[in-house]
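Just below is one structure, and these are the notes that go with it.
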Amino acid sequence: DAEITQSPRHKITETGRQVTLACHQTWNHNNMFWYRQDLGHGLRLIHYSYGVQDTNKGEVSDGYSVSRSNTEDLPLTLESAASSQTSVYFCASSEGLADTDTQYFGPGTRLTVL
Amino acid sequence: AQSVTQLDSQVPVFEEAPVELRCNYSSSVSVYLFWYVQYPNQGLQLLLKYLSGSTLVKGINGFEAEFNKSQTSFHLRKPSVHISDTAEYFCAVSPFSGYSTLTFGKGTMLLVSP
């Protein structure tokens, strides 16, 4: 079955370190998204991509970057981790044929920055 | 820009009772409307979506939602809840723009007790 996976599922790091969270989907979806989920804020869009070599900033992109070198993967990099980036991160993908497409979510990565 | 307001952060209810989770949105353009559910320690999954046509939309697990354009609302209902419906529910909107980015509300935690 097609799926979307995230790794690691849990990560503890120190302030100032570079961290990369992986997202891999096997649906061959064009669109991929990264969100962060914080208590009282719901999900907020960090970055998104509509295809290979395409990346766009979302609502809360400062301190994060993404690159899309193939259809299946959209890694999220925290250039210099800060305690404010402690959160649960979700990756999602959608087919990309229309703006009505359903987004399918991964299981999430819980990141703690000490 | 779009915004979504979920009026209740938490809704406690007894098993087999009806429930309504409220969602209001604001947008300068027409939008599509979605409800997602997040079970504990999992990613989000789509419950239902409103694209066009009948304002009453039926989703999975016995949930339905009604779109009210004049009140800019998209409230979620279930006539009889089960313990297994305990989860966080997110309302989201996507603009009629050809792109599928979602703006989420802050979520409503539905707590079903026996």
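Descriptive notes on the structure:
- Qualifying strands (runs of 3 or more DSSP E) (wholly inside the stretch A:40-111; at least 3 residues being open to solvent by less than 20 Å² (accessible area, probe 1.4 Å)): A:42-51, A:87-94
- Scanning the stretch B:76-95 for any residue that is of a type in the set (Ser, Thr, Tyr), in contact with a Phe, Trp or Tyr (Cβ under 7 Å, 6 or more places away or on another chain), without any contact (Cβ under 8 Å) to a residue 40 or more places away in the chain and surrounded by 14 or more Cβ atoms within 10 Å (Cβ to Cβ) turns up nothing.
- Flag for residue A:34 being under 26 Å from residue B:31 (Cβ atoms), more than 11 Å from chain B (Cβ to nearest Cβ) and modelled with pLDDT under 95: no
- Condition broken by residue B:73, with the remaining ones in (1) polar (S, T, N, Q); (2) loosely packed, with under 12 Cβ neighbours inside 10 Å; (3) farther than 22 Å from residue A:105 by Cα satisfied: (2)
- The stretch B:1-39, residues that are under 24 Å from residue A:94 (Cβ atoms), exposed (fewer than 13 other Cβ atoms within 10 Å of the Cβ) and within 13 Å of another protein chain (Cβ to nearest Cβ): B:1, B:3, B:29, B:30
- Scan of the stretch B:30-40 for residues that are outside any strand (DSSP E or B) and at pLDDT 90 or above, ordered by number: B:39
- Taken together, the residues in the stretch A:16-39 that are among the polar types (S, T, N, Q), assigned to a loop (DSSP other than H, G, I, E, B) and buried (at least 17 other Cβ atoms within 10 Å of the Cβ) amount to 1.
- Number of the condition not met by residue B:109 [criteria: (1) within 14 Å of chain A (Cβ to nearest Cβ); (2) at pLDDT below 95; (3) surrounded by fewer than 21 Cβ atoms within 10 Å (Cβ to Cβ)]: (2)
- Within this structure, residue A:13 fails the test of being surrounded by fewer than 21 Cβ atoms within 10 Å (Cβ to Cβ), of a type in the set (Val, Ile, Thr) and under 21 Å from residue B:37 (Cβ atoms).
- Tally, over the stretch B:1-29, of residues that are within 20 Å of residue B:106 (Cβ to Cβ) and in a strand (DSSP E or B): 15
- Top-ranked residue in the stretch B:41-64 [being in contact with an Asp or Glu (Cβ under 9 Å, 6 or more places away or on another chain) and in a helix (DSSP H, G or I); ranked as nearest to the other protein chains (Cβ to nearest Cβ)]: B:61
The values are calculated or read from the model by the stated rules, or taken from the named source; none is laboratory data. All values reported here derive from a predicted model rather than from experimental measurement. Cβ sites come from the backbone with ideal geometry, for glycine too, and all protein chains shown count toward neighbours. Heavy atoms of the whole protein, side chains included, go into the accessibility calculation; ligands, DNA and RNA do not. Shrake-Rupley method; radii C 1.70, N 1.55, O 1.52, S 1.80 Å.
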